[in-house]
Amino acid sequence: MHAHRAALLHCLADPREVGIEHSYQYFEDGLLLVEDGKIAQIGDAASLLPILPAGVKMTEHRDALIVPGFVDTHIHYPQVDVIASYGTQLLEWLETYTFPAEARFADPEHARAQARFFLAELLRNGTTTALVFATVHPQSVDAFFAEASRLDLRMIAGKVLMDRNAPDDLRDDAASGYDESKTLIERWHGKGRLHYAVTPRFAPTSTPEQLELAGRLLREYPGLYLHTHLSENRAEIEWVKELFPERQHYLDVYDHHRLLGARSVFAHGIHLCDDECRRLGASGSAVAFCPTSNLFLGSGLFDLARLEGHGVRVGLGTDVGGGTSFSQLQSLNEAYKVLQLQGQQLDPFKALYLATLGGARALYLDEHIGNLQPGKDADFVVLDYKATPLLARRLEQARSLKEKLFALMILGDDRAVKETFAAGRSVHRRDRPQP
Ligand SMILES: [Zn+2]
């Protein structure tokens, strides 16, 4: 057993459902007990210290706030090298930057090195669970899961399905995409803390036959995810209309092939009609809100209030490399501004919820992760109140927890992450050199 002493903050419920004041738990001088990779207990140091069993190791984290590990509900591991690429919107971005970068993952050695860097970067930013696009190459998935498994992380990923409107070296076909996915599912799904996501890139790059087989996979293996893109960019939506004239709208393409439901996650969902919102909500599907990407690619403004009004589960995504930061604190900074532009205010506790328990609920993983309740995976992050001179100075002026949390999400990034724990083990420490 290991005890961590620090200020502790985690969400218990969606502030939208229970009100802000009942949505979180905070211990100014708290104790977090970890045993066998799980949270054993959480509470005030004053009440837990006297009853600690003898011989428990104790780490004191000064000037620090422990929060649950961040959850990233949409990111591409093969796009690390094209982050911060200039001058395009979605469709040209894919052609110019993304597809050439993804073609390199045919080489397993390249995939292995990229997976290693990518996961280290996630952990450096305090993200302990992510829903991840690989490439069309099965070896890209093997490389990713092998590295995630070595670190014992809770991760979800899958091979991209793409059998049309893509370069030759990035295309599968309906049958090979199905067969290769099946092999990967049997190899990785449910192994340790790994989960598999059936991953058609988006409607324009899959034939109806391929989408039909994606739906079949979901029915053949329980607990699989469906991970794709939806209604990100106006030119993309027009293209979907041309390719699928018989379908009512963009979401109807996926719905027709029975791809909606619990564990189906659609990235973006910016330009949706009421019927699309309604079907997303009714089916238990989730949408990943990716503010840094939506601004960077000029895609549009995500309407959180509208989606939640339809009962849609919403998680937060970085969408790196279209997104510009691995940091969920920076995603929240941009989310706040996206919502400001629409007259909505993102309360700091709601923001924390989106980056942790809300993401876990969007992924139907809240029985395992998302907060620090006893029994859950011990995935958590130590945030440093003194990470930068500016942050330290601003926090000295803060009179409430809410004010502190808000300053952390506006000014914080990877520099604010002092240490990251996964299954109770330290997997990143800022002052420890990377292996
Ligand atoms: Zn994406």
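The values are calculated or read from the model by the stated rules, or taken from the named source; none is laboratory data. From a predicted model like this one, the values you see are computed outputs, not experimental measurements. Positions of Cβ are generated from backbone atoms using ideal geometry, with glycine treated the same way; all protein chains shown enter the neighbour counts. Each accessible area value is taken on the protein alone, full model and side chains, heavy atoms only, with ligands, DNA and RNA left out. Shrake-Rupley method; radii C 1.70, N 1.55, O 1.52, S 1.80 Å.
Scanning the range 349-368 turns up at least one residue that is polar (S, T, N, Q) and either open to solvent by less than 10 Å² (accessible area, probe 1.4 Å) or in contact with a Gly (Cβ under 8 Å, 6 or more places away or on another chain) (or both).
Would you pick out the residues in the range 378-421 that are in a loop (DSSP other than H, G, I, E, B) and over 19 Å from the mean Cα position of the chain (by Cα)? Passing the criteria: Tyr385, Lys386, Ala387, Thr388, Ala398, Arg399, Ser400.
Inspection of the range 163-181 finds a residue satisfying the criterion of being open to solvent by 10 Å² or more (accessible area, probe 1.4 Å) and closer than 15 Å to Phe145 by Cβ.
Residue-by-condition table, conditions (1) in contact with an Asp or Glu (Cβ under 8 Å, 6 or more places away or on another chain); (2) farther than 29 Å from Phe118 by Cα; (3) outside the structural domain of His229 (by the TED database):
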{"site": "Glu242", "(1), (2), (3)": "no, yes, no"}
{"site": "Arg258", "(1), (2), (3)": "no, yes, no"}
{"site": "Leu297", "(1), (2), (3)": "yes, no, no"}
{"site": "Gly309", "(1), (2), (3)": "no, yes, no"}
{"site": "Val320", "(1), (2), (3)": "no, no, no"}
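Checking each residue in the range 58-96 for being without any contact (Cβ under 8 Å) to a residue 24 or more places away in the chain and of a type in the set (Ser, Thr, Tyr) picks out Tyr86, Thr96. Take the conditions (1) within 16 Å of the ligand (Cβ to nearest atom); (2) under 27 Å from Ala416 (Cβ atoms); Leu153 misses just one of them, which is (1). Of all residues in the range 241-263, those being under 19 Å from Arg306 (Cβ atoms) and within 16 Å of the ligand (Cβ to nearest atom) number 1.
Yes/no matrix, rows are residues, columns are (1) modelled with pLDDT of 95 or more; (2) touching a strand residue (DSSP E or B) at 6+ places or on another chain (Cβ under 9 Å); (3) more than 18 Å from Tyr254 (Cα to Cα); (4) not in a helix (DSSP H, G or I):
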residue: Tyr196; (1), (2), (3), (4): yes, yes, yes, yes
residue: Glu209; (1), (2), (3), (4): yes, no, no, no
residue: Gly215; (1), (2), (3), (4): yes, yes, no, no
residue: Leu218; (1), (2), (3), (4): yes, yes, no, no
residue: Glu232; (1), (2), (3), (4): yes, yes, no, yes
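Regarding Phe266, is this residue among the hydrophobic types (A, V, I, L, M, F, W, C) and under 21 Å from the mean Cα position of the chain (by Cα)? So Phe266 fits the description; yes. Each residue in the range 280-301 was checked for being crowded, with 24+ Cβ neighbours inside 10 Å and either in a strand (DSSP E or B) or not hydroxyl-bearing (Ser, Thr, Tyr) (or both), and 8 of them qualify. Right, Ile237: part of a loop (DSSP other than H, G, I, E, B) and either among the aliphatic types (A, V, I, L, M) or not assigned by the TED database to the domain that holds Met162 (or both) or not? Criteria not met by Ile237. Within the range 353-377, being outside any loop (DSSP other than H, G, I, E, B) and more than 11 Å from Gly315 (Cα to Cα) holds for one residue alone: Asp377. When Leu49, Leu94 are checked against the criterion of being of a type outside the set (S, T, N, Q) and within 16 Å of the ligand (Cβ to nearest atom), Leu94 stands alone in meeting it.
Checked against (1) outside any loop (DSSP other than H, G, I, E, B); (2) closer than 21 Å to Asp72 by Cα; (3) within 15 Å of the ligand (Cβ to nearest atom), Phe145 passes all but condition (3).
Cβ separations smaller than 9 Å between residues 6+ apart or across chains give the following pairs from the range 13-35 residues that are free of Cβ contacts under 8 Å to residues at least 40 places away in the same chain to residues that are outside any strand (DSSP E or B) and β-branched (Val, Ile, Thr): Leu33/Val56.
Matching residues to (1) out of contact with any His (no Cβ under 9 Å at 6 or more places or on another chain); (2) within 16 Å of the ligand (Cβ to nearest atom); (3) within 18 Å of Leu363 (Cβ to Cβ):
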{"position": "Gly190", "(1), (2), (3)": "yes, no, yes"}
{"position": "Val198", "(1), (2), (3)": "no, yes, yes"}
{"position": "Ala214", "(1), (2), (3)": "no, no, no"}
{"position": "His227", "(1), (2), (3)": "no, yes, yes"}
{"position": "Glu232", "(1), (2), (3)": "no, yes, no"}
{"position": "Ala235", "(1), (2), (3)": "yes, yes, no"}
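Among the residues of the range 302-324, the one identified as within 16 Å of the ligand (Cβ to nearest atom) and surrounded by fewer than 21 Cβ atoms within 10 Å (Cβ to Cβ) is Thr324.
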